[in-house]
1. Of the residues in the stretch 21-69, how many are surrounded by fewer than 12 Cβ atoms within 10 Å (Cβ to Cβ) and among the charged types (D, E, K, R)?
2. Considering the stretch 124-141 alone, what residues qualify as being free of Cβ contacts under 8 Å to residues at least 12 places away in the same chain and under 16 Å from the mean Cα position of the chain (by Cα)?
3. Only residues that are small (G, A, S), part of a helix (DSSP H, G or I) and modelled with pLDDT under 90: list them for the stretch 1-57, please.
4. Could you list, ordered by first residue, the pairs with Cβ atoms under 7 Å in which the first is in the stretch 29-47 and in contact (Cβ under 8 Å) with a residue 60 or more places away in the chain and the second is of a type in the set (S, T, N, Q) and in a helix (DSSP H, G or I), at least 6 apart or interchain?
5. Any residue in the stretch 96-109 that is outside any helix (DSSP H, G or I), on the phi < 0 side of the Ramachandran plot and not polar (S, T, N, Q)?
6. List the pairs whose first member sits in the stretch 57-71 and is farther than 11 Å from G128 by Cα, whose second member is among the acidic types (D, E) and at pLDDT 95 or above, and whose Cβ atoms are under 6 Å apart, counting only residues at least 6 apart or on separate chains?
7. Given the conditions (1) without any contact (Cβ under 8 Å) to a residue 60 or more places away in the chain; (2) more than 22 Å from F22 (Cα to Cα); (3) in contact with an Asp or Glu (Cβ under 8 Å, 6 or more places away or on another chain); (4) in a helix (DSSP H, G or I), report the number of the one that A117 does not fulfil.
8. Working only within the stretch 58-71, note down all residues that are assigned to a helix (DSSP H, G or I) and under 8 Å from the mean Cα position of the chain (by Cα).
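The values are calculated or read from the model by the stated rules, or taken from the named source; none is laboratory data. Worth saying up front: this structure is predicted, and the values here are computed from it rather than measured. Note that each Cβ is placed from the backbone with ideal geometry, even for glycine, and that neighbours are counted across all protein chains shown.
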Amino acid sequence: MVFTTRTLKKIAMALAEQSRRFRYLADSLFSGAVILYALNRWWLKPRFGAASPFLHDHFNDCLLIPVALPPLLWIFRKLGLRTHDGMPTASEVLEWTLVWPLLFEWVFPRFFHLGTADLGDVLSYAAGAVLSAGFWLMKVC
């Protein structure tokens, strides 16, 4: 079987496109963040939470975007509300970085008496969003 330059170029482009495709629930950042969430929730926090306010109060909040956005985007894709399988865009990350704090830190505490509004949580959501967006952007380039 002889491969022409054109055939090899098509194969290379197909492989490059495949590597830029967002794998939703199989995304490495999602998987790693879920593991870190579970590790903090059931092992680190009970043992070291009192000594580390960050682990106790904010670490899991930093994981909101990498844990919650991939399943949400997958659902949107299945419903036809997302038209591509590319990495999350900056606007998708920004949109949900604004919506979730609004819900979790204002609507739920104020109107449903669920949780406590905390600016530190909002900053943690934003930090996690910036790191996640950077990670996903590096995969696109």
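1. Within the stretch 21-69, residues that are surrounded by fewer than 12 Cβ atoms within 10 Å (Cβ to Cβ) and among the charged types (D, E, K, R) number 1.
2. The answer is V130, G134, M138.
3. A12, A14, A16, S19
4. Every condition considered, the pairs that remain are L29/S132.
5. No: the stretch 96-109 contains no residue that is outside any helix (DSSP H, G or I), on the phi < 0 side of the Ramachandran plot and not polar (S, T, N, Q).
6. P70/D27
7. Against the list (1) without any contact (Cβ under 8 Å) to a residue 60 or more places away in the chain; (2) more than 22 Å from F22 (Cα to Cα); (3) in contact with an Asp or Glu (Cβ under 8 Å, 6 or more places away or on another chain); (4) in a helix (DSSP H, G or I), A117 comes up short only on (4).
8. Residues satisfying the conditions are L64, I65, P66, V67, A68, L69, P70.
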